[in-house]
Amino acid sequence: MILSRKLSAIFFIASIVMAFLLMMLLLVGNAGMGKVEGKALKIRHSSLLSIIECDGYTVVDVDNPWGEGLLQRYILVPEESGLPALLPEGTLLRTPVKRALLFSGVHTALFEELGVAEYIKAVCDAGYVYSKITAAAIAEGRVVDCGSSLDVNLERVAEASPDAIFVLPFENGGYGKLDRVRIPLVECADYMESSPLGCAEWVRFYGRLVGKGAEADSLFNAVCSGYEALSFVARHDASHPKLMCELKSSSAWYIPAGGSTMGRMYHDAGADYLFSSYEGTGSVPLSFEVVLDKAADADIWLMKYNSPLTKTCASLLAEYSGYSHFRPLREGNVYACNTRMKRIFEESAFHPEILLKELVALFHPDIFPEYEPKYYERMR
């Protein structure tokens, strides 16, 4: 009888322990990569971001632009707060991020605009950083140059001691040496968005990383209003010039696909973009013959290049005589942007309304007859 009672007591205690362990497993499971309970911010244009404000932290999910599921989940916790219990699974970032290593000049310009240039402690590919404040800080040694983004100097990374590294993700790509360091990686997939405003909306994520969430929301709202107003006027104009773009590079001519941010912007600017039928969110490699077949009779030719010298019609023909077959070159309707001298990438990523206004002025000169070009110049 005594043995029976002891066994019953043991089984009773064991059942309580098992129930407790099961409950804890369920709680941990709910705190994993599944659904997060909180206030979801309304995302207006981004196809990759979701932002959920929870009690004591913010969850930012970044969808995988190349496949199913998430690319990354970030858990943003204010530095002055303690860590909440049972945080969801993800990359933990204490905010504001005051020591950042940036891989792209696009993001250095954004940090400057948000008023947190002092948070930039290191960069990669310093030769492509044209933002005045950061470029000066690099030259004076106040911002560490960590070398090429393809071969990061880990000693300099250690010297900079960043709280987070803002990297550019690629399909099926790793981060080499950085995969071995214990520093959170912020995967900046904004460039994989399929619309200019989708890319610009990433300012709301970056703003929350540096403690400027409200300012970032206001900035994005202003960008949206300006962009949408310009696009409405341009798309309802009677004229829709046939547009070709970019240059032949080696054996291929890389053209923005119709679903890319630039392809969408050309449409929003009221152009008849001759390559809009090509699907995808990036660039499409085409042969010279295919481009010639589609665009020989284009009205306008836009191109970007990076050079210490300004291209001319003569130098363009010297590079490749086949360009003479395109009507815009023969009639003087080629507009070029030298990215070595113009900050088109840094400024247009999060301010697409500025570039859109320029395109509208080029495609519909009657709408902005007094407009002075900021990026593109007529090739002479």
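The values are calculated or read from the model by the stated rules, or taken from the named source; none is laboratory data. From a predicted model like this one, the values you see are computed outputs, not experimental measurements. Here the Cβ is made from the backbone with ideal geometry for all residues, glycine too, and neighbour counts use every protein chain on show.
Residues are listed down the side, and each one gets a yes or a no for (1) surrounded by fewer than 22 Cβ atoms within 10 Å (Cβ to Cβ); (2) outside the structural domain of S324 (by TED's automatic domain parsing); (3) hydroxyl-bearing (S, T, Y):
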{"site": "E228", "(1), (2), (3)": "yes, yes, no"}
{"site": "F232", "(1), (2), (3)": "yes, yes, no"}
{"site": "M244", "(1), (2), (3)": "no, no, no"}
{"site": "A252", "(1), (2), (3)": "yes, no, no"}
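Residues in the stretch 88-126 that are small (G, A, S), within 21 Å of L178 (Cβ to Cβ) and in contact with a Phe, Trp or Tyr (Cβ under 8 Å, 6 or more places away or on another chain): G90, A100, S104, G105.
Answer yes if at least one residue in the stretch 47-56 is of a type in the set (D, E, K, R) and free of Cβ contacts under 8 Å to residues at least 12 places away in the same chain, and no otherwise. No, the stretch 47-56 contains no residue that is of a type in the set (D, E, K, R) and free of Cβ contacts under 8 Å to residues at least 12 places away in the same chain. Residues in the stretch 62-104 that are aromatic (F, W, Y) and touching a Cys at 6+ places or on another chain (Cβ under 7 Å): F103 only. Determine, yes or no, whether E80 is over 30 Å from D125 (Cα atoms), assigned by TED's automatic domain parsing to the domain that holds Y191 and touching a residue at least 40 places away in the same chain (Cβ under 8 Å). In short, no. Test A238 against the stated conditions and say whether it is among the hydrophobic types (A, V, I, L, M, F, W, C) and surrounded by fewer than 17 Cβ atoms within 10 Å (Cβ to Cβ). The answer is yes for A238.
Could you tell me which residue of the stretch 61-115 is nearest to G280 (Cα to Cα), considering only residues that are of a type in the set (S, T, Y) and modelled with pLDDT of 95 or more?
Just the residues of the stretch 61-115 that are of a type in the set (S, T, Y), to begin with: 74, 81, 91, 95, 104, 108.
Remaining after also requiring modelled with pLDDT of 95 or more: 74, 91, 95, 104, 108.
Working: Y74: 27, T91: 29, T95: 35, S104: 23, T108: 27 Å.
So, considering only residues that are of a type in the set (S, T, Y) and modelled with pLDDT of 95 or more, the one nearest to G280 (Cα to Cα) is S104.
Among the conditions (1) outside any loop (DSSP other than H, G, I, E, B); (2) without any contact (Cβ under 8 Å) to a residue 60 or more places away in the chain; (3) under 30 Å from G67 (Cα atoms); (4) not aromatic (F, W, Y), G174 misses just one, which is (1). When each of E215, E201, E193, E187 is tested for being surrounded by fewer than 23 Cβ atoms within 10 Å (Cβ to Cβ), closer than 19 Å to E347 by Cβ and charged (D, E, K, R), the lone residue that passes is E215.
Residues that are in contact with a helix residue (DSSP H, G or I) (Cβ under 9 Å, 6 or more places away or on another chain), of a type in the set (K, R), within 25 Å of C337 (Cβ to Cβ) and in contact (Cβ under 8 Å) with a residue 40 or more places away in the chain occur in the stretch 239-253; there is at least one. For the stretch 324-347, residues that are surrounded by 15 or more Cβ atoms within 10 Å (Cβ to Cβ) and without any contact (Cβ under 8 Å) to a residue 60 or more places away in the chain total 11. Would you check which residues across the stretch 59-77 are polar (S, T, N, Q) and touching a residue at least 24 places away in the same chain (Cβ under 8 Å) and list them? Within the stretch 59-77, just Q72 meets the criteria. For the stretch 98-169, which helices (runs of 4 or more DSSP H) that fit wholly inside it have 2 or more residues that are touching a residue at least 40 places away in the same chain (Cβ under 8 Å), among the hydrophobic types (A, V, I, L, M, F, W, C) and surrounded by 18 or more Cβ atoms within 10 Å (Cβ to Cβ)? Qualifying helices (runs of 4 or more DSSP H): 105-113, 154-160.
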